[in-house]
Amino acid sequence: MIIMKIKVLALTGLLLFCGVVFFSACEKEDDNPGSNNLDCNTVTGATYTSNSGKIKSILESKCASGNCHGAGGSGRRDWAYADTYAGNQASFNKITSAIKNGTMPKAGSPRLSQTELDQITCWSQNGFKE
């Protein structure tokens, strides 16, 4: 009888432990690290150029400048900046993924401000509006 109670307690403890591990592993990942509870309804400039959009100017100043994705830049093999929405459109997912996961911009390159990160996150979440 005592052995049966010990087995039940051990099994209960194991199930509880597994439940805690499972639910903590399923915690929602933030789309934009450093910006908790980002409300895209309050973020301005989250379009490419329309309605005072800022995305094109961010890409020009932070990505196409220097030795990166602009003319003559070493990053052109991964993505070459084009001056138009249509010219960059095929790379939007790749660009925003690299920014979100922190692989872009590279160390030593111009950093993105929190406002710029929020604009890019909201632009992505809203379907890359022109």
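The values are calculated or read from the model by the stated rules, or taken from the named source; none is laboratory data. What you see is a predicted model; the values in this text were computed from it and never measured. Ideal geometry is used to build each Cβ from the backbone, glycine not excepted, and the neighbour counts take in all protein chains shown.
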- line: Among residues of the range 76-91 being more than 14 Å from Glu60 (Cα to Cα) and at pLDDT 95 or above, the residue farthest from the chain's Cα centre (by Cα) is Ala86
task: Among the residues of the range 69-85, write down those that are of a type in the set (Ser, Thr, Tyr), surrounded by 15 or more Cβ atoms within 10 Å (Cβ to Cβ) and not in a loop (DSSP other than H, G, I, E, B).
output: Tyr85
Subset of the range 93-125 (residues that are within 21 Å of Asn51 (Cβ to Cβ), among the small types (Gly, Ala, Ser) and not in a helix (DSSP H, G or I)): Ser113
query: Can you name the number of the only condition in (1) small (Gly, Ala, Ser); (2) exposed (fewer than 10 other Cβ atoms within 10 Å of the Cβ); (3) modelled with pLDDT under 85; (4) in a loop (DSSP other than H, G, I, E, B) that Gly66 fails?
result: (2)
query: Would you pick out the residues in the range 104-129 that are exposed (fewer than 15 other Cβ atoms within 10 Å of the Cβ) and modelled with pLDDT of 95 or more?
result: Ser113, Gln114, Thr115, Asn126, Gly127
- line: Checked against (1) more than 18 Å from the chain's Cα centre (by Cα); (2) closer than 14 Å to Asn126 by Cα; (3) not hydrophobic (A, V, I, L, M, F, W, C), Thr47 satisfies every condition except (1)
